[in-house]
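A short write-up of the structure that comes next.
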Amino acid sequence: MDAPSIKNSESVTELPPAPGNPRNSEGDFLRLTDGRILFAYSKYVSDSGHDDAPCNVAGAVSADDGRTWTRLPGFLAAAAEHGVKNIMSVSLVRLTTGEACLVYLVKHPPESYVVLRRFTDETALTLGEAEVIVPEKHGIYYVVNNSRVCALSDGSLLLPMARHKIVKRADGERGGVYFGTCAMFKGDPDGRNWRQESRVLFMQNPGASGTGLQEPGAVERPDETVYGYFRTDRGYQFDAVSPDGGKTWSAPASSRFSSPDSPMLIRRDPFSGLYYAVWNPIPCYNGRLSRERRWVHAGRNPLVLAVSENCVDFSPYTVLEGAEDHGFCYPAMFFPAPGVMLLSYCCGGEEDGTCLSKTRIRRIELDDTAGRTAE
């Protein structure tokens, strides 16, 4: 296939940092029953935008298929409801039962766990009680990215997550997290009965890797195999394939997607059936980044888009964002109408503090027939 053909692309809203709100970060989309689109995201609420700093889940809505957005007052979910300071990394999913759910990570230092909340009233955007998907486990720090719940064709849900062992210093205090492995958790179509579906996946012969497998994602292919992908520090995304809905996997290995240590996202357009991949394609090779500026964007530019009919053979990419002094990462993707994509991602630069501090929603009109293989 040819690279994605874009008819029109425009930034339709931005969520910049502000005093007392130093970071507006990764999120996800959901169509509400009244027709509006919800965008839920991580909103930091102190003087720090550090990953573990105080953070709640906030929201914005669009009534015109993503052309304009209105921020919601207050929060969709608050960390205080869990007795913690930080909840983040939002995924939104509609179950085959018709229920809509919000999934997020709860930071309970030094560990973390994952919960699911059901919308009891989508018009008023109220949520029910939290159901624990992955319980807190001593000595384990879980990471589940935004927009990571994968709905399979049989109605079940697959949740890829990174597992990090917490390293203790000699004085007994937490000293950091060990490089990542991955576990796939699976839930029933009603969003209940979650269990670890796969053995733990790990980077074989990691060599000089300091990260292992991080921030995993998954998508189901047309043949119902599941394609998994993982952020690494080896200059490429790693990938693996499951033939049985996430139970068994091939050994993770280097993929075709060159990348710095930054997450990728692949989603299927329900209207065209095409698969779109969004990622940062250029590694942090020597000389590209100065040590003084790397903390701003972490090599996460440009941001590009590729397309595939089978989620195996991807096209060349089209550049969506190319500013070298900004970083673009943690995307979420939604298709509100045929030929239209909403794409959210962090987009900060030095004026914002880091690439994670500001989030943008871009509305893209695609020519989804260009370059398709003739039948």
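The values are calculated or read from the model by the stated rules, or taken from the named source; none is laboratory data. All of these numbers come straight from a predicted model, not from anything done at the bench. Note that each Cβ is placed from the backbone with ideal geometry, even for glycine, and that neighbours are counted across all protein chains shown.
Before moving on, here are some points about what is shown:
- Search result, residues across the stretch 324-352 that are among the hydroxyl-bearing types (Ser, Thr, Tyr) and either more than 18 Å from GLY228 (Cα to Cα) or surrounded by fewer than 20 Cβ atoms within 10 Å (Cβ to Cβ) (or both): SER344, TYR345
- Leading residue by the ranking (nearest to PHE75 (Cα to Cα)) among those in the stretch 14-31 that are of a type in the set (A, V, I, L, M) and buried (at least 17 other Cβ atoms within 10 Å of the Cβ): LEU15
- Per the listing SER46, SER11, the residue uniquely touching a strand residue (DSSP E or B) at 6+ places or on another chain (Cβ under 9 Å), surrounded by fewer than 17 Cβ atoms within 10 Å (Cβ to Cβ), more than 22 Å from GLY327 (Cα to Cα) and of a type in the set (S, T, N, Q) is SER46.
- Strands (runs of 3 or more DSSP E) (entirely within the stretch 241-282) containing at least 3 residues that are farther than 18 Å from LEU158 by Cα and either among the hydrophobic types (A, V, I, L, M, F, W, C) or in contact with a helix residue (DSSP H, G or I) (Cβ under 7 Å, 6 or more places away or on another chain) (or both): 275-279
- Where a residue in the stretch 182-205 is within 24 Å of ARG94 (Cβ to Cβ) and part of a loop (DSSP other than H, G, I, E, B) and its partner, wherever it lies, is basic (Lys, Arg) and modelled with pLDDT under 95, with Cβ under 9 Å and at least six apart: none
- Considering the stretch 134-157, and only residues there that are touching an Asp or Glu at 6+ places or on another chain (Cβ under 7 Å) and closer than 16 Å to TRP194 by Cβ, the residue that is surrounded by the most Cβ atoms within 10 Å (Cβ to Cβ) turns out to be CYS150.
- Test: VAL115 is surrounded by 20 or more Cβ atoms within 10 Å (Cβ to Cβ), modelled with pLDDT of 95 or more and among the β-branched types (Val, Ile, Thr): yes
- Among the residues listed as ALA218, ALA208, the single one being in contact (Cβ under 8 Å) with a residue 24 or more places away in the chain and among the aliphatic types (A, V, I, L, M): ALA218
- Residues in the stretch 22-38 that are on the phi < 0 side of the Ramachandran plot and either free of Cβ contacts under 8 Å to residues at least 24 places away in the same chain or not in a strand (DSSP E or B) (or both): PRO22, ARG23, LEU32, THR33, ASP34, ARG36.
- Restricting the stretch 294-323 to residues that are in a loop (DSSP other than H, G, I, E, B) and either among the polar types (S, T, N, Q) or without any contact (Cβ under 8 Å) to a residue 24 or more places away in the chain (or both), the residue that is farthest from GLY228 (Cα to Cα): GLY322
- GLY273 meets all of the listed conditions (1) surrounded by 19 or more Cβ atoms within 10 Å (Cβ to Cβ); (2) more than 24 Å from SER25 (Cβ to Cβ); (3) modelled with pLDDT of 95 or more but one, namely (1).
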